[in-house]
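Structure, as structure tokens:
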Amino acid sequence: MQELTSADPIDVIERKYHWVAVLEDGSIELDKRDATVEQVVQVYSTLNKHDAIHFLGKNPDLVRSTYRALGEASAGLKNGAAKLLGHPTTMTLDEFYAYNDDDSNSAATEASIIDSVRSLICGNASGSESRYAAEHLCRAIGHWLDDGDTLADIAPLQLDTKLADSRDLPNLENDGDFPIISYLTSKEVKKEIKRLGKIDLSYPADDDIDAARKAFVRCLVEADASNSSVVAFYR
């Protein structure tokens, strides 16, 4: 295990970051400046799948409408949608803007993956390091489900699937840091295929969503053929 994962380094990708805060009073800040939902969507639409937006939402109604607008925008992006990195609502604005994702990524990148994997296997891992180790294990001993580069975030597909939500693996506690994990057990994969088989997956209003929905089901069918679980990692 250690040899496999040590040969699978984490790629360090240069990303563009933006900061969006939806406050209790209904105001929105984009990179510490007053903004509108339309302006947030406009910036989001210029990003690609390697970029990210840090998101802090304290007004539930406005958060829902903002996510809806971003979801609609992501459906039309040809190069994949940027990641939305959610932060706990209990964060203060100062804590939110002080959070440095580059620091957390570099710490995980520089940490000994062998030690991380050993700790994970022995049940002693904690925090984001344990989730990076889990990602390496999945990449080393699992099988990549090829979606034809049509899938980004699953939530905009509107399929009401558990794989669109954060679901930490057993004994891996969610501390609000990244990577975010979601999964379906092999039994859940079978149920999901059966459920999706009863609905019309076509989405005439958007060719990209239509293709992504079908690719998603193909991936589940491929996993089911080997009675496998499915794990997704969001950065």
*Translational D (Stokes-Einstein, µm²/s) of segment 147-234 at 4 °C and 1.567 mPa s when Rh comes from the Kirkwood sum over C-alpha pairs?*
95 µm²/s
_HN-Hα J in Hz across segment 187-195 - Karplus 6.51, -1.76, 1.60, θ = phi - 60°, x for Gly and Pro_ = 5, 5, 4, 4, 5, 5, 4, 5, 5
*For segment 27-36, just list the computed ³J(HN,Hα) in residue order, Karplus coefficients 6.51, -1.76 and 1.60, θ = phi - 60°, integers in Hz, with x standing in for Gly and Pro.*
7, 10, 10, 10, 6, 6, 10, 4, 8, 10
*Any of 16/198; 58/83; 83/214; 49/190; 58/162; 58/198 with alpha carbons more than 31 Å apart? Name them for me.*
16/198; 58/198
*How would 29, 38, 95 line up by accessible area, probe 1.4 Å, largest first?*
38, 95, 29
*Quote the charge dipole size of segment 9-68 about the Cα centre in Debye, to the nearest 20; the model charges only the Cβ of Lys and Arg (+1) and of Asp and Glu (-1).*
160 debye
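The values are calculated or read from the model by the stated rules, or taken from the named source; none is laboratory data. This structure is a prediction, so every number in the text was calculated from the model and none was measured. Quick reminder, even Gly has a Cβ in these numbers, built from the backbone with ideal geometry, and neighbours come from all protein chains shown. Quick note on the areas: whole protein, heavy atoms, side chains included, nothing else; ligands and nucleic acids left out. Shrake-Rupley method; radii C 1.70, N 1.55, O 1.52, S 1.80 Å.
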